[in-house]
Amino acid sequence: MTTTKSTAAPDSTTILRGLSSNRRVPLGSAVYNALLETLYDEAAALDERRFDDWVAMLEEDLVYTAPIRLTRTGPNRDRDVMRTMFHFDESYGSILMRTGRMQKSAWAEDPPSRCRRFVTNVRIGECDAAGEYEVVSYLFLERSRGDNPENEHMTAERRDIWRYVNGCYKLTKREIIVDQSVLGMSNFAVFL
Amino acid sequence: MLQKSSLTLRDGTKLDDLIMRDTNEVSLRVMTDEELYHHEMERIFAKTWLLLGHESEIPKAGDFIIRDMAEDNVIVARDADGSVNVSLNVCPHRGMRVCLGEAGNKRVHQCIYHGWAFKPNGDFIGAPIEKEKMHGNNVEKATLNLKKARVHLYGGLIFATWNVDGPSFDEYLGDIKYYMDQLFCRTDSGLELLGPPQRFVLPCNWKVPGEQSGSDGFHTLTLHRSLMEGGVMGGTAETIYDQAPGMYGVDVSCEQGHSLRCLEAEKTFKMFADIPFEGKSTEERLNLLTPPGITKEMIPELFKNLSEDQVEQLATFPPQVGGMFPNVLLAFIFAPRTDGGASGALTLHTYMPKGPDRVEFVNYIFAEKDAPEQVKRDMLQNAIQATGTSGTIEQDDADVWPVIMRNARGGVSKHITLKYQALHGEERPEGWKGGGMLYPGFTKDDTQWNWWLAYHKLMSEA
């Protein structure tokens with residue numbers, strides 16, 4: 001399917017967000033708890049800049065995107081996720097390129113930002129494929145740069161698919177739906 | 001003898017004290033001065049042509065996008081007659097924005113405050129309760145249109161200016177048009193914007209990224225060192241300064257302040273495979289190394305849309321990075337992939353002023369309209385991974401600019417000068433066909449200095 005590239009005309013792909021599975025994994029169940037713990041571990045790996053540990057949590061068929069938002073009014077007011085343009089459009093290979101760069105001369109993260117990723121509002125559903133789970137979470141990122149006393153921050157919803165592989169969960173898909181149409185953060189040199 | 005600028009700030013400082021044309025220096029104070037900023041809004045951003053988007057964003061009658069001309073918000077709309085119109089998004093009644101969305105399709109734009117209504121071309125239709133004449137007792141409706149900007153489409157790019165009687169778009173482009181045509185007017189169907197632009201705000205003055213858009217090639221070796229470390233530009237981490245990849249070519253600029261860096265294709269190609277160009281025809285060269293964004297199937301279109309000399313240049317010295325004064329950066333670059341996918345990345349940025357200490361970075365990503373979908377898909381990914389919000393090249397730029405800005409506020413620091421004293425001087429390479437001011441060899445400060453001269457000239461015209 002080719003999506004329209006017109007900025008003016010939104011198609012139906014621009015409304016999809018939130019949890020789509022109707023087979024809920026209830027709060028407090030063993031699977032829910034294990035996935036929640038995985039999300040916390042992932043946030044810690046990123047906040048602590050343990051990129052090898054983070055990459056180990058990713059599947060090689062990873063699709064990692066962050067579509068842009070566009071404000072609309074009237075009948076199309078909820079069609080505001082533009083999946084024709086992205087802030088991130090990544091594969092496993094490009095993530096490796098990005099984490100590899102961090103070990104060398106990535107001035108945008110050298111000196112590194114001090115980040116806190118707050119992950120909340122976690123809702124989980126079963127996917128059709130066995131062992132795969134749709135995990136929707138809210139992300140609040142606080143980022144401190146250098147000696148600037150003012151933090152940069154960002155809020156988003158993340159729509160993930162985690163796959164159960166060899167006793168642990170691995171990320172195979174992530175869509176980061178940021179809330180701002182104009183980002184207040186000066187770059188995305190950090191992962192979301 | 002240089003003619004003195006008439007612009008003097010309230011504290012007695014003259015523009016000539018800030019932009020020192022005898023020594024090629026610019027005072028860091030220009031980045032923070034509020035008074036200068038207000039002059040810039042009137043003398044530059046209300047005067048020159050500004051890039052607002054691409055017509056592929058609004059293909060149908062009634063389609064509109066909302067964009068900014070510096071701090072002035074405008075409606076860019078296609079009218080029933082197919083024309084593209086740019087009007088100020090300010091209701092002449094009480095000053096409300098007439099259009100609140102960022103994009104959509106409307107035959108009538110009605111202000112949500114009191115209901116005054118306008119056509120896509122900005123013409124006033126009327127106010128509610130027609131019999132009560134709420135638009136005014138003895139006021140001609142035609143005087144209540146939205147304020148209209150003058151529009152020009154160039155290769156599908158939408159440019160507008162408030163300077164209704166000013167220079168034509170071609171006069172504004174000047175000698176750089178010959179080269180820009182090689183990027184924007186080279187194929188039968190032209191460029192297509194792949195989606196709405198990425199937008200983000202940086203805490204710095206617009207001129208911090210602005211002066212860099214005047215073809216600062218030199219920063220690449222150090223700030224963008226990771227390109228060489230990752231093998232994207234050839235060379236290795238150890239030999240960056242010895243081999244200086246991408247530094248040699250022909251820099252082109254013109255008195256209007258625009259510039260382009262034309263990089264020798266043979267050298268660019270050498271980074272990936274060692275096949276010499278010698279003795280090969282223009283067509284053979286194009287087939288060996290298609291310009292960024294062009295597929296082999298499109299090569300005949302180049303000959304159809306450009307002159308023989310222009311195609312020859314595209315095959316040997318393709319323009320790759322540069323800018324249009326005052327606030328456009330363009331990058332039509334090679335971005336090789338490891339999976340054998342299409343290797344080009346075509347982007348344009350505008351740096352829109354949002355106050356003396358804020359700038360909005362707007363990143364437009366393109367492909368040739370006639371390119372196969374997979375090529376467009378690859379090029380979108382290339383551009384996102386290299387430029388804009390998360391791009392590994394421009395992440396580093398976005399990190400430098402706000403720090404320069406913080407420096408510019410210091411009572412002592414603001415008197416430090418930016419140095420543009422590494423100059424090559426104009427020189428016409430043998431056999432070069434295009435016009436403009438030419439600087440062959442290692443990329444130096446000449447084009448960026450011309451950017452400041454263009455700034456000085458406009459700021460001196462009241």
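The values are calculated or read from the model by the stated rules, or taken from the named source; none is laboratory data. No experiment lies behind these values; they were computed from the predicted model shown. With ideal geometry, Cβ positions are generated from the backbone for all residues, glycine too; neighbour counts draw on all protein chains shown. The protein model used for the area step is the full one, side chains on, heavy atoms only, and it has no ligands, DNA or RNA in it. Shrake-Rupley method; radii C 1.70, N 1.55, O 1.52, S 1.80 Å.
For the range B:295-327, enumerate the residues that are among the aliphatic types (A, V, I, L, M), under 22 Å from the mean Cα position of the chain (by Cα) and open to solvent by less than 10 Å² (accessible area, probe 1.4 Å).
B:LEU314, B:MET324
So the check is Cβ under 6 Å with 6+ separation or different chains; which pairs have a first residue in the range B:351-373 that's under 19 Å from B:LEU183 (Cα atoms) and a second one that's modelled with pLDDT under 95 and of a type outside the set (S, T, N, Q)?
Cβ pairs passing all conditions: B:GLU368/B:GLY293.
Out of A:ASP61, A:ASP128, A:ASP52, report the one residue that is in a loop (DSSP other than H, G, I, E, B), out of contact with any Pro (no Cβ under 9 Å at 6 or more places or on another chain) and open to solvent by 20 Å² or more (accessible area, probe 1.4 Å).
Working: A:ASP61 fails: in a loop (DSSP other than H, G, I, E, B); A:ASP52 fails: in a loop (DSSP other than H, G, I, E, B).
The conditions single out A:ASP128.
Could you list all residues from the range B:58-77 that are more than 8 Å from every other protein chain (Cβ to nearest Cβ) and either within 12 Å of B:LYS147 (Cβ to Cβ) or open to solvent by 20 Å² or more (accessible area, probe 1.4 Å) (or both)?
Correct list: B:ALA61, B:ARG67, B:ASP68, B:MET69, B:GLU71, B:ASP72, B:ASN73, B:VAL74, B:ILE75.
With the structure loaded, tell me whether B:PHE124 is in contact (Cβ under 8 Å) with a residue 12 or more places away in the chain, crowded, with 17+ Cβ neighbours inside 10 Å and assigned by TED's automatic domain parsing to the domain that holds B:GLN256 or whether it fails that test. Outline the logic, then answer.
Numbers: in contact (Cβ under 8 Å) with a residue 12 or more places away in the chain: yes; crowded, with 17+ Cβ neighbours inside 10 Å: yes; assigned by TED's automatic domain parsing to the domain that holds B:GLN256: no.
Against the criterion (in contact (Cβ under 8 Å) with a residue 12 or more places away in the chain, crowded, with 17+ Cβ neighbours inside 10 Å and assigned by TED's automatic domain parsing to the domain that holds B:GLN256), B:PHE124 does not qualify.
Confirm whether A:TYR40 is of a type in the set (Phe, Trp, Tyr), within 14 Å of chain B (Cβ to nearest Cβ) and farther than 27 Å from B:LYS106 by Cβ. Give the steps one after another, and end with the answer.
Working: of a type in the set (Phe, Trp, Tyr): yes; within 14 Å of chain B (Cβ to nearest Cβ): no; farther than 27 Å from B:LYS106 by Cβ: yes.
Taking the combined requirement at face value, the residue does not satisfy it.
Regarding the range B:153-162, can at least one residue be identified that is over 27 Å from B:GLU55 (Cβ atoms), within 14 Å of chain A (Cβ to nearest Cβ), surrounded by 19 or more Cβ atoms within 10 Å (Cβ to Cβ) and in contact (Cβ under 8 Å) with a residue 12 or more places away in the chain? First the steps, then the outcome.
The first filter runs over the range B:153-162 and keeps only residues over 27 Å from B:GLU55 (Cβ atoms), leaving none.
So far as the range B:153-162 goes, no, none of its residues is over 27 Å from B:GLU55 (Cβ atoms), within 14 Å of chain A (Cβ to nearest Cβ), surrounded by 19 or more Cβ atoms within 10 Å (Cβ to Cβ) and in contact (Cβ under 8 Å) with a residue 12 or more places away in the chain.
Tell me which residues, restricted to the range B:39-57, are open to solvent by less than 40 Å² (accessible area, probe 1.4 Å) and assigned to a loop (DSSP other than H, G, I, E, B).
B:ALA46, B:THR48, B:TRP49
Name the residue that is nearest to B:GLY388 (Cα to Cα), counting only residues in the range A:86-98 that are more than 7 Å from every other protein chain (Cβ to nearest Cβ) and open to solvent by less than 10 Å² (accessible area, probe 1.4 Å).
Restricting to residues being more than 7 Å from every other protein chain (Cβ to nearest Cβ) and open to solvent by less than 10 Å² (accessible area, probe 1.4 Å), the top hit is A:GLU90.
Report whether or not B:LYS106 is among the charged types (D, E, K, R) and on the phi < 0 side of the Ramachandran plot. Spell out the reasoning first.
Values: among the charged types (D, E, K, R): yes; on the phi < 0 side of the Ramachandran plot: yes.
When the stated conditions are applied, B:LYS106 passes them.
Here is a list: A:ARG24, A:ARG79, A:ARG116, A:ARG83. Which entry is at pLDDT 95 or above, under 27 Å from B:PHE200 (Cα atoms) and open to solvent by 10 Å² or more (accessible area, probe 1.4 Å)? Steps first, please.
Values: A:ARG24 fails: under 27 Å from B:PHE200 (Cα atoms); A:ARG79 fails: at pLDDT 95 or above; A:ARG83 fails: at pLDDT 95 or above.
Answer to the check: A:ARG116.
What's the number of the condition B:VAL84 fails, among (1) hydrophobic (A, V, I, L, M, F, W, C); (2) within 14 Å of chain A (Cβ to nearest Cβ); (3) open to solvent by less than 10 Å² (accessible area, probe 1.4 Å)?
Of the numbered conditions (1) hydrophobic (A, V, I, L, M, F, W, C); (2) within 14 Å of chain A (Cβ to nearest Cβ); (3) open to solvent by less than 10 Å² (accessible area, probe 1.4 Å), the odd one out for B:VAL84 is (3).
Go through (1) hydroxyl-bearing (Ser, Thr, Tyr); (2) outside any strand (DSSP E or B); (3) surrounded by 18 or more Cβ atoms within 10 Å (Cβ to Cβ) for B:THR23 and report which single condition fails.
Only one criterion is unmet by B:THR23, namely (3).
Each row is one residue, and each column tells you yes or no for (1) among the hydrophobic types (A, V, I, L, M, F, W, C); (2) within 14 Å of chain A (Cβ to nearest Cβ).
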| position | (1), (2) |
| --- | --- |
| B:MET180 | yes, no |
| B:LEU183 | yes, no |
| B:ARG199 | no, yes |
| B:SER213 | no, no |
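Just give me the residues in the range B:223-239 being surrounded by fewer than 21 Cβ atoms within 10 Å (Cβ to Cβ), more than 9 Å from chain A (Cβ to nearest Cβ) and at pLDDT 80 or above, in sequence order.
B:GLU238, B:THR239
Restricting attention to the range B:382-401, report how many residues are surrounded by fewer than 22 Cβ atoms within 10 Å (Cβ to Cβ) and over 19 Å from the mean Cα position of the chain (by Cα).
1
Please determine, by comparing only the residues of the range A:139-192 that are aromatic (Phe, Trp, Tyr), surrounded by 15 or more Cβ atoms within 10 Å (Cβ to Cβ) and over 18 Å from B:GLY391 (Cα atoms), which one is nearest to the other protein chains (Cβ to nearest Cβ).
Going through the range A:139-192, the residues aromatic (Phe, Trp, Tyr) turn out to be A:140, A:162, A:164, A:169, A:188, A:191.
Add one more test, that the residue is surrounded by 15 or more Cβ atoms within 10 Å (Cβ to Cβ), and what stays is A:162, A:164, A:169, A:188, A:191.
Going one step further and asking which of them are over 18 Å from B:GLY391 (Cα atoms), we end up with A:162, A:164, A:169.
Details: A:TRP162: 23, A:TYR164: 28, A:TYR169: 25 Å.
It comes out as A:TRP162.
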